[in-house]
1. What pairs can you find where one residue is in the range 22-39 and of a type in the set (A, V, I, L, M, F, W, C) and assigned to a helix (DSSP H, G or I), the other is loosely packed, with under 14 Cβ neighbours inside 10 Å and at pLDDT 90 or above, and their Cβ atoms are less than 7 Å apart, with a gap of 6+ or different chains?
2. Just to verify a result, which residue in the range 90-131, among those that are crowded, with 19+ Cβ neighbours inside 10 Å and in contact with a Lys or Arg (Cβ under 6 Å, 6 or more places away or on another chain), is nearest to D62 (Cα to Cα)?
3. I'm trying to understand the selection: among the residues of the range 54-110, which are more than 12 Å from the chain's Cα centre (by Cα) and on the phi > 0 side of the Ramachandran plot?
4. Of a type in the set (D, E, K, R), surrounded by fewer than 19 Cβ atoms within 10 Å (Cβ to Cβ) and modelled with pLDDT of 95 or more: does that describe R22?
5. Scan the range 40-50 and tell me whether some residue there is free of Cβ contacts under 8 Å to residues at least 60 places away in the same chain, buried (at least 22 other Cβ atoms within 10 Å of the Cβ), of a type outside the set (S, T, Y) and more than 23 Å from Q131 (Cβ to Cβ).
6. Filter the range 52-108 down to the residues that are hydroxyl-bearing (S, T, Y), in contact with a strand residue (DSSP E or B) (Cβ under 9 Å, 6 or more places away or on another chain) and either over 18 Å from D40 (Cβ atoms) or assigned to a helix (DSSP H, G or I) (or both) and list them by number.
Amino acid sequence: MTAWKEYKKTYRAEADIFDFARVGDLRGLANMLSQHGELDVDAKNNRGYSALMLAVYNSENDFCETLLRCGANVDSTDAVGNTVLMAAAYKGNLDILKLLLEYGASLALKNKTNMDVRDWASMFGRKEILQYLDSVYPSNTAPSQLTNIARFLKLGFCLLFSKLK
């Protein structure tokens, strides 16, 4: 019974910006912004994700745009250097990818294993993302699928070791 009481202490009484980002709760975000004028929209949760990263992963387009209008860092990264643009490419969400690029997201950024946005799109077969990037932002370089797999495996080890610390 003591373990249950200790576990219950870990529950939060109120939702936070990360909860709102996961489900696209714009009303919750608006309430939070009105109550906390100095809300840090670039804060990261215990896993190293910003609210923008969570909104991208959960395909919450309107929430992403609202955060960007509130000044969220369009090049926000997680613990291993993956950007929100990489997350959009991974998810195959072209609308969010375009939105991030409109707000100035950098295509040049790479994560700790030297993967960029195109690598993420290629790795997960996001042809629509690749076609868009190639048509608007042509590139001369295209790493092989084997190189991408090696980088992805290395990224997995980076994530594993960061959790063991």
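1. The qualifying pairs are L26/D62.
2. My answer is D116.
3. Scanning the range 54-110 gives G71, G92, G104.
4. Considered against the rule, which asks whether it is of a type in the set (D, E, K, R), surrounded by fewer than 19 Cβ atoms within 10 Å (Cβ to Cβ) and modelled with pLDDT of 95 or more, R22 comes out as yes.
5. no
6. T83, S106
The values are calculated or read from the model by the stated rules, or taken from the named source; none is laboratory data. Predicted, not measured: the structure shown is a model, and the values here were computed from it. Note: ideal-geometry Cβ built from the backbone for every residue, glycine included; neighbour counts use all protein chains shown.
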